[in-house]
Structures are given as structure tokens and as C-alpha cells.
Amino acid sequence: MDQIDKIIAYEQGELSEVNSVILFAELIKTGQAWSLQGHYGRTAKHLIDNEVISKEGEILVDLD
């Protein structure tokens, strides 16, 4: 599944919470979180502020 497929699955509510965190980590790492529609940037900032994902896109919590 490529990133576009993951974004579509996310928007359709088909990604698990774990896979959503992984998606946002990828979007932050590549910088795309900041160029997509506002929801993505706001969600990325929320995940960073709550120390789920680092500013560099590294996942900081155990996803098991």
C-alpha cells in the first residue's frame, strides 16, 4: 500500500489507530503533513505536542 492509498484509507476511516500513527509519522518525516489540507497539519502538531511522534517523525510510544 503506497502513501496515497494509506491517506485514502485514513480518510475513509479504514486505518487502525496504530496504522494512523504510522501514517502520520511518515507524513511528518517527509514534510507532507505540512503541505496537505489543514487537518493533517493540525493532527500532526497534536501528535507531536502529545509526544506520540517526534518533530523528526519518529514514533515515541509503544504501538503494541
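Taking all protein chains together, Val18, Val52 sort by accessible area into Val18, Val52, largest first [probe 1.4 Å].
Do any GluC sites (Glu not before Pro) in the stretch 1-32 lie in a loop, going by DSSP, with at most 14 other beta-carbon atoms within 10 Å of their beta carbon, and if so which? Here the sparse-neighbourhood loop sites are Glu14. Restriction of the trypsin sites (Lys or Arg not before Pro) in the chain to DSSP coil positions whose beta-carbon has at most 12 other beta-carbons within 10 angstrom yields Lys55.
Given a 1.4 Å probe and every protein chain left where it sits, what share in percent of the accessible area of the chain is carbon and sulfur?
After summing per-atom areas, the C and S share lands at 50 percent.
Looking at the chain, the accessible area is 67 square angstrom per residue; that uses a 1.4 Å probe and ignores ligands, DNA and RNA. Multiplying the residue separation of Asp5 and Glu17 by 0.36 nm and removing their Cα-Cα distance gives an extension gain of 2.7 nm.
For the stretch 8-22, backbone nitrogen atoms closer than 16 Å to the point 7 Å from Arg42 Cα along Cα-to-C-beta are found at 11. The share of C-alpha pairs in the chain whose separation exceeds 14 Å stands at 51 percent.
Residues considered: Leu47, Leu36, Leu27. Largest GNM mean-square fluctuation over the chain, using C-alpha springs under 10 Å, is found at Leu36. 3J(HN,Hα) along the stretch 37-43: 4, x, 3, 5, x, 5, 5 Hz, from the Karplus curve 6.51 cos²θ - 1.76 cosθ + 1.60 with θ = phi - 60°, whole Hz, x for Gly and Pro.
The values are calculated or read from the model by the stated rules, or taken from the named source; none is laboratory data. Small disclaimer: the values here were computed from a predicted structure and weren't measured. With ideal geometry, Cβ positions are generated from the backbone for all residues, glycine too; neighbour counts draw on all protein chains shown. We work out accessible area using only protein heavy atoms, side chains counted, and drop any ligands, DNA or RNA first. Shrake-Rupley method; radii C 1.70, N 1.55, O 1.52, S 1.80 Å.
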